[in-house]
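Please treat every number below as a calculation from the coordinates, not as lab data. What you see is a predicted model; the values in this text were computed from it and never measured. Backbone-built Cβ (ideal geometry, glycine too); neighbour counts: all protein chains shown.
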Amino acid sequence: MAICKGDRVSVNLAPFIGSPLPSQQWIPCEVLDVDGVHVRVASLPPYRRVELWVVSNWIQRTEKPVPAATA
């Protein structure tokens, strides 16, 4: 799965809360940067914007694109 800057993906809640165990919850995010297996993401509304680097195994593609936030 190739992840590129600008992609809309779902990221497991675990790295957002510092948990080593996967959660059943997923956060819609935009990919900001990719460096090998590390991906910098930013959470999308309705969640508060949080940017963090995650390992790509915490990411899953959504079957339909996550809608972009409207201003």
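The Cβ shell under 10 Å around Val31 holds other residues with a net charge of 0, Lys and Arg each +1, Asp and Glu each -1. The computed Kirkwood radius over Cα pairs in Å for the structure shown corresponds, within [x] 13.9; [y] 12.1; [z] 12.6, to [y].
Treating r as the C-beta distance of Gln24 and Asn57 and R0 as 22 Å, the FRET efficiency rounds to 0.85. Look at the alpha carbon pairs under 8 Å that are at least 6 residues apart: their mean separation over the length of the stretch 8-61 gives a relative contact order of 34 percent. Considering the chain as a Gaussian network with a 10 Å cut-off on Cα pairs, which listed residue, Ile17, Ile59, Ile27, attains the greatest mean-square fluctuation? For the chain, modelled as a Gaussian network with Cα springs under 10 Å, the answer is Ile17. Among the trypsin sites (Lys or Arg not before Pro) within the stretch 7-66, those in coil by DSSP and having at most 11 neighbouring Cβ atoms inside 10 Å are Arg48, Arg49.
Between Leu13 and Arg49, the distance separating the two model label sites (each 7 Å from Cα on the Cα→Cβ line) works out to 2.4 nm. Highest GNM mean-square fluctuation among Val55, Val11, Val41, for the chain modelled with Cα contacts below 10 Å: Val55.
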